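The values are calculated or read from the model by the stated rules, or taken from the named source; none is laboratory data. Note that the structure is predicted; figures quoted are calculated from it, not measured. Cβ sites come from the backbone with ideal geometry, for glycine too, and all protein chains shown count toward neighbours. Ligands, DNA and RNA are excluded from the accessible area calculation, which covers all protein heavy atoms including side chains. Shrake-Rupley method; radii C 1.70, N 1.55, O 1.52, S 1.80 Å.
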Amino acid sequence: RAEVAAAIVAELKTWHHYKCFSRKPRRKARNIVDCKWVIKWKKELLPDGSERRVIRARLTIRGFKDQDKDSLERYAGTSQRYSQRLLVSEAACRRWPILSTDISKAFLQGVTYAELAKLTGEPLREVNFYLPPNSVSALQQIPGYEDFDPAVEVLHCDKPGTGSVDAPRAFHLKLAQVTRGECNLVPTRTDQELLVLHAVGPDRSVGDIQAVLAIHVDDLKMTGDKQTLLKIVARIEHTFGKL
């Protein structure tokens with residue numbers, strides 16, 4: 001019981017760290033949904049290389065109850081199978097290393113609803129949720145929520161969270177800002193989630209390929225010159241944390 005309670009507090013702290021929610025009076029809120037705790041055992045790798053079992057609690061908003069779910073865009077990037085093969089083929093032909101990784105807590109790190117409205121021109125979304133009654137005491141351990149009263153307050157979603165219908169799309173837009181905007185990777189015409197980086201000459205001429213990246217929601221596979229890959233990884237980690 002103590003380990004489960006600690007895992008719930010840790011998950012709420014993670015949501016708070018990524019600024020996923022804020023307090024809102026219940027009387028001013030609309031589109032209120034409930035949520036569910038998914039609690040499971042997970043193997044954790046220790047510094048000495050051994051493993052131990054720990055309890056992991058994941059907070060999941062029940063997005064199927066969202067009043068606006070039927071009118072929402074849900075696209076999240078997934079590269080095609082032939083793109084994966086092409087990436088491996090380039091690695092083999094050019095003798096490049098292959099790097100595979102995933103982004104931790106991806107669906108908590110997407111763009112905010114305000115940013116989403118600004119990027120797409122869509123109306124600002126209003127989504128709120130409430131915790132199961134036995135989780136309120138865990139929320140009250142978060143700084144700023146010590147006097148939270150579930151009878152008159154709800155948690156307002158400042159950005160989509162795990163379980164939200166538009167969480168994959170919000171994350172995809174944030175990832176695109178990094179890969180395409182900061183890393184200068186360009187999507188191919190046949191697959192928007194297969195991105196390539198070309199060398200650019202002093203005269204702005206396009207040279208040979210330096211890196212290839214395939215995106216499967218929050219799982220990334222890339223190949224290229226090792227130093228180029230390290231630069232791409234560094235920029236992704238600057239935004240999303242340690243990969």
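When a/c reaches 1.5 or more, the comparison of a/b and b/c decides; with that in mind, is segment 1-86 rounded, prolate or oblate per its Cα gyration tensor?
Oblate.
If you roll a 1.4 Å probe over the heavy atoms of the protein chains, what accessible area per residue do you get for the chain, in Å²? If you can, show how the numbers build up before the last one.
Working: 13760 Å² over 243 residues.
Per residue, the chain has 57 Å² of solvent-accessible surface.
Quick check on segment 127-209: take the gyration tensor over C-alpha atoms, sort the square-rooted eigenvalues as a ≥ b ≥ c, and tell me if it's rounded (a/c under 1.5), prolate or oblate.
Working: a/c = 5.28, a/b = 3.31, b/c = 1.59.
Verdict is prolate for segment 127-209.
Between Thr112, Thr120, Thr188, find the one with the highest GNM mean-square fluctuation for the chain; connect C-alpha pairs within less than 10 Å.
In the Gaussian network model the winner is Thr120.
Figure the gain on full extension for Asp219 and Arg81 (residue separation times 0.36 nm, minus the Cα-Cα span) and round it to one decimal in nm. Spell out each step's value before the answer.
Values: separation 138, 0.36 × 138 = 49.68 nm, distance 1.39 nm.
Full extension from Asp219 to Arg81 adds 48.3 nm.
Based on the Cα gyration tensor of the chain, what are the three equivalent ellipsoid semi-axes, each the root of five times an eigenvalue, rounded to whole Å and given largest first?
Numbers: eigenvalues 283, 103, 42 Å².
Ellipsoid semi-axes (Å, largest first): 38, 23, 15.
What is the angle, in °, between the Cα long axis of helix 226-240 and the longest principal axis of the Cα atoms in the chain? Nearest 10 is fine, range 0 to 90.
Its long axis makes an angle of about 20 degrees.
Among Glu153, Glu51, Glu115, whose mean-square fluctuation peaks in a Gaussian network model of the chain (Cα, cutoff 10 Å)?
Ranking Glu153, Glu51, Glu115 by mean-square fluctuation puts Glu51 first.
Which whole-number percent is the relative contact order of the chain (Cα, under 8 Å, 6+ apart)? Mind showing how you got there, number by number?
Numbers: 413 pairs, mean separation 65.8, N = 243.
Dividing the mean separation by the residue count of the chain yields 27 percent.
Once you sort the root eigenvalues of the Cα gyration tensor of segment 11-147 as a ≥ b ≥ c, which label holds: rounded (a/c under 1.5), prolate (a/b larger than b/c) or oblate (the other case)? Show your work: numbers first, answer last.
Numbers: a/c = 2.60, a/b = 1.37, b/c = 1.90.
Oblate is the answer for segment 11-147, as a/c is 1.5 or above yet b/c matches or exceeds a/b.
At a 10 angstrom cut-off on C-beta neighbours, averaged per residue, how do the peptides 98-111, 25-38 rank from highest to lowest?
Working: 98-111: 18.3, 25-38: 13.6.
Put in order of decreasing packing, that is 98-111, 25-38.
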